[in-house]
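Step one of this worksheet: look at the structure below.
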Amino acid sequence: MGSLPSTLANSSSLLTFDLMHNKFSGRIPRWISSFSSLRVLMLKENKLEGSIPTHLCELKNIRLLDLSQNKLSGGIPYCLNNIGFGNMDAASEIEIGSFIVSWTTRSSHYRFDSITGKVFVLKEKQNVTLCKVQEVDFTTKSRYESYKGSILNFMSGLDLSSNQLRGKIPSNLGYLSTVHALNLSNNQLEGPIPETFSSLKQIESLDLSHNKLTSHIPAQLTQLYFLSFFSVAHNNLSGMTPDMKNQFATFGSASYEGNLFLCGPPLPQNCSIGGRNRQPHHLDTDDFRDAFLWSFVGAFGVFFISVIIVIYLNPYIFNYKLLVLERVITSYLYE
């Protein structure tokens, strides 16, 4: 718990930095950007807060970046497209699937000479070298799995889910052409899905569910031929779903559920029966009800004040009102 320990700031040769499932709090420190060789940064399920710092964009060789299940707020930095996510030149490529561990230990062997009666040391020291397999846990395709060994050299992903992120999704994220998994779910992101996402040619898992996204789903996403998991559920999207072709022919209604103004297969709403003319609701049910009540109260108040002003400031209406009142009183006294 506490802030991330600054004693790690001098570990510039780190390849994997994994502090998941702890209680670290505070902001993501600046010194992490000094890890120029870093390939894996895992800070999932802590209590980190504040905005996602732009200095993380200096870690250009990151393959896996997981900041999910924290308390991060603000917008998504536009500069995240500067991170390679596997797109590195040969000079920067370092194998992260395994690493070498060597040490020196005392492993003495003895021999007893039956003739002389002496004991001889055959081997006093031994150098030991082992190859350890690196293992990393990461969520992709809505499953939490463990990746280890050589597969890590081919895996890449960005997970910012389950935070308090706001604002629009930067269109620059569409230029992460080598990323395999992108998870922005369970935030408060608004605005449209960037059409640049059609350039995520290597994407296999795209999760944008449980946000406040609006407008239509870009039809160009059907060009993502490696996509095997897709979800935009529980947003405020409207219009027609993408054509049921290529990979999108494999996605069921669960990928789109919770969007009242979406229509077309695989959803039961038929666009030909008023579906095309349905307008997106940009407000939640409670917000819409409150807005309607306040607008009604305001309109009634303006009408009431206008009537009072007309009656009391117009002398003709005022005199007529007095005449009517006099007749009513006279009639009552006569009876």
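Suppose R0 equals 30 Å. What FRET efficiency, 1/(1 + (r/R0)^6) with r the Cβ-Cβ distance, do Asn82 and Asp243 give to the nearest 0.05? So, using R0 = 30 Å, E works out to roughly 0.35. Judged by the mean number of other Cβ atoms found within 10 Å, the most tightly packed of the peptides 55-62, 203-210 leads the ranking 203-210, 55-62. Taking 0.36 nm per residue of separation and subtracting the current Cα-Cα distance, fully stretching the chain between Ser25 and Glu257 would add 80.1 nm.
No lab work stands behind these numbers, since they all come straight from the coordinates. What you are looking at is a predicted structure, and each value in this text was computed from that prediction instead of being measured. Every residue, glycine as well, gets a Cβ built from its backbone with ideal geometry; the counts of neighbours run over all protein chains shown.
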